[in-house]
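Below is one structure; the comments refer to it alone.
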Amino acid sequence: MPFYHRLGSFPHKRHTTFYKPNGELFREQLMGTKGFSGIQSILYHHNPPTQVREAKRYADLDLQFVPREVLKHRHFLSFDLPPGGDPISGRRYLLGNHDLVMGVCVPTEKMDYFYRNAEGDELLFVHEGEGELQTIFGTVPYRKGDYLVIPIGTTYRIEPTSKSSRFLVLESQNEIVPPKRYRNEHGQLLEHSPFCERDIRPPERLVTYDEAGEFEVRVKQNNTLYSYTFDFHPFDVVGWDGYLFPYALSIYDFEPITGRVHQPPPVHQTFAGQNFVVCSFVPRLYDYHPQAIPAPYYHSNVESDEVLYYVDGNFMSRKGVHEGSITLHPMGIPHGPHPGKVEASIGKKETKELAVMVDTFRPLQVTRQALEVEDSNYMYSWLPAEQ
């Protein structure tokens, strides 16, 4: 997120000496994107981050995409997937392409290691639960409804504090940022943005571990998981400053944009990635033209696949979907409200729906795991009831 933040201790000038009380140097690390031209932060470690005791290949990540037999609308029941694993190993991937992969996670185990995604940014939506996102930049407490944005290369661990947790997971091949149209040339969020910097929660405390031992960091790169063993705790940072850091943004802090007639999906946009966008559908007042039809009009996603993850409430344009449903409406064929939903929306004043939408500008593939929880009749749910 492009605004300046700082935690802990660091020298007055970058790239200058910074000594420990015993006279040794702290180790400076520049962490940035796009070479040296993207956003960046500078961190100061007790130990050289390059000091690795052992490195090995841990696992190959085969998502098992299946060939598409028919171009059709699809519905996946994510609540039917079995829970298990930790916040990383428990991820069940359902959809993906060359730009991102999407899945869900219902962990039942704690992480006994640390994790780093070296392919791109991650976006986690907290459907249920609360806890801490612990990182080299410090701790970000999270709760239900939070988006957690984790920059590429961030070493982290997720520590749930509630009995149960559920996450929607997006792993990008590039950065995930607020939409450009909401930012000025300096990166500041503008007045017409549906959220502002006050809503963004960066790491709030830096916990430094100057601790020896055996610590594992698993790194994802090129669909492969590698394991690195360090003889010091990876959260050995005493201070940092810059523009690159993880943060939380609550979907409940997203302020909906409404109008006299139905507003198109871009007004719900919350984040942008390379060849995809993320939108938040939140409780809001309906359109206030006296003849307005609040339900969306039928439309064709000619150049994007639309994915909706249903979080809570009654989604006014759909039937047969419920909490945890994931629908995929692919490019090339029209979609829109289910039978009766247009008429039922007329005269309504507000909606209580809560959902996360992802539009991708390249086709998505479906994994074999997704087929196990697919509602195969969804394509025909637009037929009149008597057929």
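The values are calculated or read from the model by the stated rules, or taken from the named source; none is laboratory data. As the structure is a computational prediction, the values presented were derived from the model and not from experiment. Every residue, glycine among them, receives a Cβ derived from its backbone with ideal geometry; neighbour counts consider all protein chains shown. Each accessible area value is taken on the protein alone, full model and side chains, heavy atoms only, with ligands, DNA and RNA left out. Shrake-Rupley method; radii C 1.70, N 1.55, O 1.52, S 1.80 Å.
Reported count of residues in segment 1-36, each being of a type in the set (F, W, Y) and under 30 Å from T270 (Cα atoms), is 3.
Here's the yes/no breakdown for (1) surrounded by fewer than 20 Cβ atoms within 10 Å (Cβ to Cβ); (2) in contact (Cβ under 8 Å) with a residue 40 or more places away in the chain:
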residue: D253; (1), (2): yes, yes
residue: G259; (1), (2): yes, no
residue: P264; (1), (2): yes, no
residue: N275; (1), (2): yes, yes
residue: H289; (1), (2): yes, no
residue: Y298; (1), (2): yes, no
residue: Y310; (1), (2): no, yes
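Looking only at residues of segment 218-233 that are surrounded by fewer than 18 Cβ atoms within 10 Å (Cβ to Cβ) and β-branched (V, I, T), we find that the one that is farthest from the chain's Cα centre (by Cα) is T229.
Taken together, the residues in segment 1-27 that are surrounded by fewer than 17 Cβ atoms within 10 Å (Cβ to Cβ) and either within 22 Å of N174 (Cα to Cα) or of a type outside the set (A, V, I, L, M, F, W, C) (or both) amount to 18.
Pick out the one residue from E350, E343 that is of a type in the set (D, E), open to solvent by 30 Å² or more (accessible area, probe 1.4 Å), more than 28 Å from the chain's Cα centre (by Cα) and farther than 20 Å from F125 by Cβ.
E343
Out of curiosity, is F315 within 23 Å of the chain's Cα centre (by Cα), touching a residue at least 24 places away in the same chain (Cβ under 8 Å) and not in a strand (DSSP E or B)? So F315 passes the test. Within segment 139-153, restricting attention to residues that are among the β-branched types (V, I, T) and part of a strand (DSSP E or B), the residue that is surrounded by the fewest Cβ atoms within 10 Å (Cβ to Cβ) is T139.
Taking E323 as meeting all but one of (1) buried (at least 20 other Cβ atoms within 10 Å of the Cβ); (2) part of a loop (DSSP other than H, G, I, E, B), write down the number of the exception. Tallying (1) buried (at least 20 other Cβ atoms within 10 Å of the Cβ); (2) part of a loop (DSSP other than H, G, I, E, B), E323 fails exactly one: (1). Take the conditions (1) closer than 19 Å to P296 by Cα; (2) open to solvent by less than 10 Å² (accessible area, probe 1.4 Å); (3) within 26 Å of the chain's Cα centre (by Cα); H338 misses just one of them, which is (3).
Can A385 be described as under 13 Å from K319 (Cβ atoms) and either in a helix (DSSP H, G or I) or out of contact with any Asp or Glu (no Cβ under 9 Å at 6 or more places or on another chain) (or both)? Yes; evaluated as a whole, the condition is true for this residue. I'm checking my understanding of the structure. Among residues of segment 359-381 that are outside any loop (DSSP other than H, G, I, E, B) and either β-branched (V, I, T) or farther than 18 Å from R318 by Cβ (or both), which one is most open to solvent (accessible area, probe 1.4 Å)? Applying the filter and picking the extreme gives R368.
Please enumerate the residues belonging to segment 54-79 that are part of a strand (DSSP E or B), within 22 Å of the chain's Cα centre (by Cα) and of a type in the set (A, V, I, L, M). Within segment 54-79, L77 is the sole residue that qualifies.
When S78, S9, S37 are checked against the criterion of being more than 30 Å from M379 (Cβ to Cβ) and at pLDDT 95 or above, a single residue qualifies: S9. Filtering segment 154-208 to residues that are among the charged types (D, E, K, R), outside any loop (DSSP other than H, G, I, E, B) and either without any contact (Cβ under 8 Å) to a residue 60 or more places away in the chain or open to solvent by 10 Å² or more (accessible area, probe 1.4 Å) (or both) leaves R157, E159, R166, K180, R181, R183, E197, R198, D199, R201, R205.
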